[in-house]
Structures are given as structure tokens and as C-alpha cells.
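Let me begin by presenting the structure, written as C-alpha cells, before commenting on it.
The values are calculated or read from the model by the stated rules, or taken from the named source; none is laboratory data. Because the structure is predicted, anything quoted here is derived from the model rather than measured. Reconstructed Cβ throughout: ideal geometry from the backbone, glycine too, with neighbour counts over all protein chains shown.
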Amino acid sequence: MSLDTLPDVPVSPPRLRVLAGAPAPASIHAWPVFSAETPRHTGETQADAPLPALGADQLTEDCARLRSVGFRGKAGSLERIGLDAAPPRWLFGAATGSPADWRAAGAAVLRAAEEHDRQAHEAGLDTVDEVSLLLPATLDEDEITALAIGVSLGAHRFTVTGRERPPRPTDVTFVLPAQTPEDTVAATASVVDRAAALSSATALARDLANAPSNVKNPEWLARTAVAAGAAYPDLTVAVRDEQWLTDHGFGGVLAVGGGSASPPRLIELSWRPEVPVHGPHLVLVGKGITFDTGGVSLKPADGMHLMRTDMAGGAAVIAALIGIAALRLPVRVTGLVPSAENHVSGSAYRPGDVVTHFGGRTSEIVNTDAEGRLVLADGLAYAVERLDPTILVDVATLTGAMKISLGLRTGGLFSSDDALADAVTAAGDKVGESWWRMPLLADHAEDVRGDWADVRQGPPGPGGVMAALFLREFTAGLPWVHLDIAGPARADRSYAEVNPGATGFAARTLIELVAGRIPS
């Protein structure tokens, strides 16, 4: 079964556009309201561009009335004004106007608009295709980007249902004051277009990770990556099959995938800009375990259904390459996704095995549920020997230890290079993804040395640190960062622009890193 044959398929983010002047009368109209303590935006409610049927005096009066009953502009809050207006008119809270507040605000408006259309559809009333956000002229690039990301992703969900999907808003217009200079409108449109590309990459990563486990296997993931990349002539997607992996010595991928009826694959996405650029070559390696039972070291049944998202790192890499190609960023980037299913069978690998990776280094297997580092090791070793990278980045849902250490909204970052670590952190901050640098503890470096192999896959000690130290053995001393997204790759409830399920975490960070934060 392919994703295209499911009864209901993922919904793309809404289309975004920018204009100055009056919004479309038939659209939902929404104004931001800021907290009283916000110095930059105090008093701004876009009253300089009121609706024809809702003058500036009425808007000011409604704001004052709502504040008197406790509406303080909290990010994500929403209140209806002009109760007789159809479509509805809303005030939405933007709190202090920080990027995080704008993401929450944009998401809240789109979720409310989707709920409005659902209720209207059920009642046999007219639904609304467009939402107009009436904005002050003082928003900067970071604020506009954050709002656009929130708007794009707040109502994005992956569902599989045989029922009719109700109508939902398909367009969002950012409305600037009528007197806004043309160059400002054009600059704002450029920022919104870029944010839309970032959001589309996140949505793709979510959809890949959320795809059900009876649909998704390594072959499906590879085929989907090829289809996604077909729109970009300078992006090539090569798929290496099981025989190729055998011929080239990818022992980690073959061991992990050996217990499954679905053979492993290596997906290689190569972005070479049309105009040659002398500069770095980034290689991104993403864990592509399409389902993880834990293998012989079997996982508990509770929560195993979530293991369909264990390829979230690989999804982020695929989505990042698509986003990089869409934005035509002038940097050479290669994405590698070693993909396998970790199953239990008579041919599954076992604790006590010794695996020979690409390039000849050997790993002593301790726990078959620590499979992600084995496939990443093959990918890193292949990158070092065959691709001539200047920077290595790997991303994976790798260790439960990171969930315990950092929770569910912050990714763990390990790096051998301070400038690279700072660049990744700054890229994440720019696009609303939080990273916390973790130590590569020298005291534990010797613990990954194997007793009867070169390295030991799962030695005792701090789990996230030990996994990172293991992977460092395959980087040949190159500038390298390891991103453990076991916590933020999945969400159990909505917050800001995130909805339950796979979050697409790391895709935006990788794109932003390539867009201009690569250390020289």
C-alpha cells in the first residue's frame, strides 16, 4: 500500500500572500493585541487600517471592553468582536510580540478558523476559505517569520479517515497598512515566502514520520524521497538497494535490517547548486528506522506504536534537502538516510554479534535496541570516505536519556566544534527550534572501546553521552554535530505550532544552518 491510496491524505499548509490596504471582505479578519507591558507594540491594534464596517473607534472600544473583562493579549488567546459580523472578526493575543508569541498566535488563529469552518459545515452554513491577518507595520523579519510558521503549521495534521474532510481555510493574507511603502511590502512578501518553504519542509517531515507502519518501510521511504525530489533539477536522489549495501560493506544497516522481510535501503540526496560555489560541503545523516521493535532486545508493548516515527531524523534530512532545493541555497549539501526496519525473526542480529561497518571498523553488539547508532555509523563512515565533506551533521531519535535530560521540547546537541555548535543553536533559535549543548565527557571516551571489537555499541553510562561518543568514532576528526531529537520529535498534545504526533523537529534548523550560519 502507498500513502497515495490511503482514504485521507495529509493536507498541505495554507497558501500565504502579502498585501497593503483593505483585506478581502469575505475573509475572516483578525487583529493582534499585545500585552500592556510591551514597549515596541503598546497600543498597536492595526486601528490605522480598520474594516469598512468596523471603524477605528469601534475597534478601540472593543479592545478596551475585552481588557476590562480580563483579555490581556496572552499569546494564543482569541476573542470575537463585532458579534454580528460574518465572517467573524477576531482579536488574537500576541503577548510581548516575541517570535515564540507570534508562532503561538498564528497557530491559534488557524486552529480557530478551521474549527469555525467545521462548525459552519456541520450546520449547513457558509464556510470561509481565507483568513486575513491585519498587522502593524513595525514587525521585523523574525516576527513575520514566526507568525508565518505558526499560521502554516498550527492546523497541519496527519489523519487517516474514511469520512469526508470538512472544508478548511486554504489561504492566509498578511495585510499591512495601506500607506506601507512598496519596497516594504515586497520585503515582507519575501520573508513570508521563505517562511512558507521552512514550514513546508516541517510539514513534509511530519507526514513522513506520521505515516502508518503498515504503509511505511525502507522501500516506501526511498520512493517517497525520489518523488519529492523530482521537482528540483539540481537535486538528485539515488537509492541504494540491499545488494549494493552488501557489496559496499554497510554492515550496520544490514545487521539492523536483517530481521525484517522489508530489505534496507540507503537514500542519498545530493544538492549541487546550478552556479558553482566554492565553500563548505555539508553532509547530513538521518536515522531512517521505519519501525523499531527493539529487535531481540524487545521493547515493551506500551508505546511501541510510536516507533513508526523512529525515522524522524531521516525525515528531517529528506525534508531539509527539499527545502534547501526549494530555496535554491548556494551551498553544496548531501543528505544520507540509512533506512531499515528493526524486527525480530530467526535472521535478526543478536547481542554478542560483531558488526563490520563501512570502512572496516567493527562494533560489539550489546543491545539490539540501540540500532540507530549502527546505521548512523555506516552513514558517517561512508560520508568521510566517499563524499569529501567539510562538516558532518547527524540527526536521530537516538536515546531515551535525552527525553529524561531535556524533556520533550528541546533537542540534545553534541559537537566536537564550538563554532559549529553555536551555529546550529543560533539557527534553531531563528526558526523556533530549541537546542541544548550536552558534553562529550572525556571520562567516558574509553568506555566505547570494545573488548573484542573496535568499539562497543552500548556501554553502561549516561545514555545520550555514550551514543554521541560512539558516533564520534566514525567522524575522522571532522567538524561534527550530533542532534538527538528523541524528545521533541514527537508531541502528545498541541502547543504553539505543534500538534500531536510527529513534529518535524530539526528540519527548519538544518535549512537555516545552510542558509547562512555555517561557520567559516
**Request:** Check 262, 213 and return the single one that is touching a helix residue (DSSP H, G or I) at 6+ places or on another chain (Cβ under 7 Å), closer than 30 Å to residue 350 by Cβ, modelled with pLDDT of 95 or more and small (Gly, Ala, Ser).
**Result:** 262
**Asked** Are there any pairs, at least 6 apart or on different chains, whose C-beta atoms fall under 9 Å, with the first in region 225-249 and assigned by TED's automatic domain parsing to the domain that holds residue 335 and the second of a type in the set (S, T, N, Q) and in a helix (DSSP H, G or I), and if so, which?
**Response** none
**Message:** I need the full set of residues from region 365-400 which are part of a strand (DSSP E or B) and of a type in the set (D, E, K, R), in order please.
**Reply:** 394
**Message:** Exactly one condition in (1) surrounded by 17 or more Cβ atoms within 10 Å (Cβ to Cβ); (2) at pLDDT below 95 is false for residue 201; which is it?
**Reply:** (2)
**Asked** Looking at (1) β-branched (Val, Ile, Thr); (2) more than 19 Å from residue 89 (Cα to Cα); (3) surrounded by 23 or more Cβ atoms within 10 Å (Cβ to Cβ), can you tell me which one residue 131 breaks?
**Response** (2)
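For region 266-298, how many residues are in a strand (DSSP E or B) and not polar (S, T, N, Q)?
Residues that pass the stated criteria total 15.
Would you confirm whether any residue within region 335-343 is more than 24 Å from residue 457 (Cβ to Cβ), over 19 Å from the mean Cα position of the chain (by Cα) and assigned by TED's automatic domain parsing to the domain that holds residue 371?
No, region 335-343 contains no residue that is more than 24 Å from residue 457 (Cβ to Cβ), over 19 Å from the mean Cα position of the chain (by Cα) and assigned by TED's automatic domain parsing to the domain that holds residue 371.
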**Request:** Assess whether residue 443 counts as being in the same structural domain as residue 390 (by TED's automatic domain parsing), farther than 30 Å from residue 388 by Cβ and either in contact with a strand residue (DSSP E or B) (Cβ under 7 Å, 6 or more places away or on another chain) or among the hydroxyl-bearing types (Ser, Thr, Tyr) (or both).
**Result:** no
**Asked** Can you spot a residue in region 120-133 that is under 30 Å from residue 312 (Cα atoms) and part of a helix (DSSP H, G or I)?
**Response** no
**Request:** Among the residues of region 303-322, write down those that are within 16 Å of residue 508 (Cβ to Cβ) and hydrophobic (A, V, I, L, M, F, W, C).
**Result:** 312, 315, 316, 317, 318, 319, 320, 321, 322
**Request:** Determine, yes or no, whether residue 516 is at positive phi, crowded, with 24+ Cβ neighbours inside 10 Å and not charged (D, E, K, R).
**Result:** no
**Request:** Kindly check whether there is at least one residue in region 310-325 that is touching a residue at least 40 places away in the same chain (Cβ under 8 Å), part of a helix (DSSP H, G or I) and surrounded by fewer than 19 Cβ atoms within 10 Å (Cβ to Cβ).
**Result:** no
**Request:** Could you check, for region 414-429, whether at least one of its residues is outside any loop (DSSP other than H, G, I, E, B) and touching a Gly at 6+ places or on another chain (Cβ under 6 Å)?
**Result:** no
**Asked** residue 234 fails exactly one of the following numbered conditions: (1) in contact with a strand residue (DSSP E or B) (Cβ under 7 Å, 6 or more places away or on another chain); (2) modelled with pLDDT under 95; (3) of a type outside the set (Val, Ile, Thr); (4) surrounded by 22 or more Cβ atoms within 10 Å (Cβ to Cβ). What is the number of that condition?
**Response** (4)
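Residues are listed down the side, and each one gets a yes or a no for (1) under 23 Å from the mean Cα position of the chain (by Cα); (2) acidic (Asp, Glu); (3) within 30 Å of residue 136 (Cβ to Cβ):
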residue	(1), (2), (3)
160	yes, no, no
176	no, no, yes
192	yes, no, yes
210	yes, no, no
213	yes, no, no
222	yes, no, no
257	no, no, no
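Per-residue answers, yes or no, for (1) modelled with pLDDT of 95 or more; (2) touching a helix residue (DSSP H, G or I) at 6+ places or on another chain (Cβ under 7 Å); (3) not small (Gly, Ala, Ser):
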| residue | (1), (2), (3) |
| --- | --- |
| 409 | yes, no, yes |
| 412 | yes, yes, no |
| 419 | yes, no, no |
| 444 | no, yes, yes |
| 448 | no, yes, yes |
| 471 | yes, yes, yes |
| 485 | yes, yes, yes |
| 489 | yes, yes, no |
| 502 | yes, yes, no |
**Item:** Hits in region 218-265 (condition: more than 29 Å from residue 453 (Cβ to Cβ), of a type in the set (S, T, N, Q) and outside any helix (DSSP H, G or I))
**Value:** 236
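Across region 344-369, what is the number of residues that are more than 19 Å from residue 240 (Cβ to Cβ) and in contact with an Asp or Glu (Cβ under 9 Å, 6 or more places away or on another chain)? Give the derivation first.
Taking region 344-369 as the starting set, the residues that turn out to be more than 19 Å from residue 240 (Cβ to Cβ) are 344-354, 361-369.
Remaining after also requiring in contact with an Asp or Glu (Cβ under 9 Å, 6 or more places away or on another chain): 349, 352-354, 361-365, 368-369.
Of the residues in that region, 11 qualify.
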